[in-house]
1. Checking ALA245 against (1) of a type in the set (A, V, I, L, M, F, W, C); (2) surrounded by fewer than 16 Cβ atoms within 10 Å (Cβ to Cβ); (3) in contact with a Lys or Arg (Cβ under 6 Å, 6 or more places away or on another chain): exactly one of these is not met. Which one?
2. Going by what's in this entry, would ILE97 be described as modelled with pLDDT of 90 or more, touching a Leu at 6+ places or on another chain (Cβ under 7 Å), open to solvent by less than 30 Å² (accessible area, probe 1.4 Å) and outside any helix (DSSP H, G or I)?
3. Hey, among ALA375, ALA381, ALA391, which residue is without any contact (Cβ under 8 Å) to a residue 60 or more places away in the chain and closer than 25 Å to MET265 by Cα?
4. Sort out which residues of the range 167-209 are at pLDDT below 90 and closer than 17 Å to HIS232 by Cβ, and write them in order of number.
5. Please return the ranges of strands (runs of 3 or more DSSP E) entirely within the range 347-460 where 3 or more residues are buried (at least 20 other Cβ atoms within 10 Å of the Cβ) and of a type in the set (D, E, K, R).
6. I want to confirm something. Restricting to the range 276-323 and keeping residues that are in a helix (DSSP H, G or I) and basic (Lys, Arg), which single residue is surrounded by the most Cβ atoms within 10 Å (Cβ to Cβ)?
7. If I filter the range 114-132 down to residues being out of contact with any Gly (no Cβ under 6 Å at 6 or more places or on another chain) and open to solvent by less than 60 Å² (accessible area, probe 1.4 Å), which single residue comes out as modelled with the lowest pLDDT?
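The values are calculated or read from the model by the stated rules, or taken from the named source; none is laboratory data. Nothing here was measured: the structure is a model prediction, and the numbers come from that model. Glycine gets a Cβ as well: all are built from the backbone with ideal geometry, and neighbour counts include every protein chain shown. The protein model used for the area step is the full one, side chains on, heavy atoms only, and it has no ligands, DNA or RNA in it. Shrake-Rupley method; radii C 1.70, N 1.55, O 1.52, S 1.80 Å.
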Amino acid sequence: MSSNPPDLRPDLAPAPRFGEAPREGQPQIGMVSLGCPKALVDSERILTRLRAEGYGISPEYAGADAVIVNTCGFLDSAKAESLEAIGEAMAANGRVIVTGCLGAEPEYITGAHPKVLAVTGPHQYEQVLDAVHAAVPPAPDPFVDLLPASGVSLTPRHYSYLKISEGCNHKCKFCIIPDMRGRLVSRPAHAVVREAERLVAAGVKELLVISQDTSAYGVDIKHAEDRGHRAHITDLARDLGGLGAWVRLHYVYPYPHVRQVIPLMAEGLVLPYLDIPFQHSHPDTLKRMARPAHGEKTLERIAEWRSICPEITLRSTFIVGYPGETEAEFAHLLDWLDEAQLDRVGCFQYENVAGARSNDLPDHVPAELKAERWAQFMEKAQAISEAKLAAKVGTICEVIVDEVDADGVATCRTKADAPEIDGNLFIDEGTEGLKPGDIVRVEVDEASEYDLWGRRVDAP
């Protein structure tokens with residue numbers, strides 16, 4: 001068993017999982033889903049629609065009549081990864097439809113891969129379906145091909161991402177997501193709750209709430225109330241918390257009204273976990289980033305949250321080497337991290353992104369210095385994580401089982417761990433009868449920098 005690496009990418013979704021045998025003569029579509037959980041939800045929606053029209057889902061290039069590549073365009077390195085994935089699909093299959101964030105720059109894609117069948121932008125579901133219909137006409141069997149009650153899921157059946165909005169109203173200088181995905185568009189609260197109810201009824205044990213700015217949910221529709229549900233993050237969290245599943249909040253900006261959610265965590269309605277993209281600590285750096293809430297006194301907010309809910313786990317991501325970052329600003333970040341004592345931390349080295357306003361800022365930090373600062377930052381974050389996990393030895397906690405391998409070792413997560421981006425808790429004995437989605441009580445008996453080991457206290 002290996003520990004999670006300190007450079008684990010905090011922006012990546014879990015790898016899609018497939019596993020459905022096709023019927024004879026059924027047209028098959030492959031899917032490559034890159035980037036964040038929001039893109040993974042888009043892939044699920046596309047495949048759900050295709051499945052309802054009679055298409056099968058192929059886990060391999062060779063078995064597919066066409067392949068959809070859902071791309072990421074967040075960073076130049078992500079763009080390069082997307083182009084590489086398109087090239088791989090072209091080489092292995094040859095019939096490729098491109099969608100997703102990078103699809104907002106069709107010339108960029110066709111310049112590298114002129115023979116792709118079609119290019120569509122992010123969350124353009126109808127255009128993707130039109131492209132699939134043109135490339136591979138549907139051939140549904142009316143007695144077999146029915147819309148699955150919970151849709152097509154690309155994650156394990158016991159957890160699911162729940163997207164509550166599209167787009168973002170902020171204008172952070174390093175980010176082009178609003179240019180690609182548009183301004184904030186919140187889903188009606190009753191539609192979100194209805195989807196969550198269906199997921200829980202289908203066996204989902206954990207709902208991971210995602211958006212570009214979860215704190216801003218409902219602002220664009222003036223927190224409208226419809227069918228007994230109000231489009232405000234506090235009300236939505238309370239509604240979801242009544243469904244009986246774990247509810248985990250991601251991408252929450254530290255606005256003052258976030259305080260209203262913390263009592264729900266103390267009550268046990270919502271997991272005591274907040275994923276807040278602080279990005280930096282120094283006021284001057286945050287101003288150059290044009291970050292929302294850059295004037296907030298975040299250390300005071302963190303202390304207040306912990307006073308209300310001492311069990312709260314705080315995750316965040318940061319950027320080091322942002323243009324103009326001085327030694328004093330970086331030292332401020334290290335000192336801030338020492339005081340904040342965040343539980344889960346991811347970090348990027350700044351890089352230019354085509355179209356981002358930060359490209360034009362003066363005083364770009366040399367690559368070697370960015371790498372050096374990243375290493376220093378992660379060394380401190382790792383030490384904090386190691387100390388916090390060591391303090392858990394001897395405690396008893398609830399964990400959710402993600403996998404049980406052939407040797408009987410169960411890979412689990414505590415309430416403090418989101419799938420793929422945080423740590424794991426391993427149980428290596430007494431796992432008979434355990435299956436993914438089970439929630440059991442464990443006594444922690446060993447800790448490393450990122451992971452825990454324990455034994456069941458409710459074993460049969």
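1. (2)
2. Details: modelled with pLDDT of 90 or more: yes; touching a Leu at 6+ places or on another chain (Cβ under 7 Å): yes; open to solvent by less than 30 Å² (accessible area, probe 1.4 Å): yes; outside any helix (DSSP H, G or I): yes.
Yes; evaluated as a whole, the condition is true for this residue.
3. Working: ALA375 fails: closer than 25 Å to MET265 by Cα; ALA381 fails: without any contact (Cβ under 8 Å) to a residue 60 or more places away in the chain.
That would be ALA391, the only listed residue that is without any contact (Cβ under 8 Å) to a residue 60 or more places away in the chain and closer than 25 Å to MET265 by Cα.
4. Selection gives ASN169 alone.
5. Numbers: elements: 396-404, 410-414, 425-427, 439-447, 452-456.
Hits in the range 347-460: none.
6. Quick first cut of the range 276-323, residues in a helix (DSSP H, G or I) only: 283-289, 298-308.
Checking which are basic (Lys, Arg) leaves us with 287-288, 301, 306.
Details: LYS287: 12, ARG288: 22, ARG301: 18, ARG306: 15.
In this case the residue turns out to be ARG288.
7. Of the residues in the range 114-132, the ones out of contact with any Gly (no Cβ under 6 Å at 6 or more places or on another chain) are 114-118, 123-132.
Filter again for open to solvent by less than 60 Å² (accessible area, probe 1.4 Å), leaving 116, 118, 125, 128-129, 131-132.
Details: VAL116: 94, ALA118: 93, TYR125: 79, VAL128: 89, LEU129: 88, ALA131: 91, VAL132: 90.
Restricting to residues being out of contact with any Gly (no Cβ under 6 Å at 6 or more places or on another chain) and open to solvent by less than 60 Å² (accessible area, probe 1.4 Å), the top hit is TYR125.
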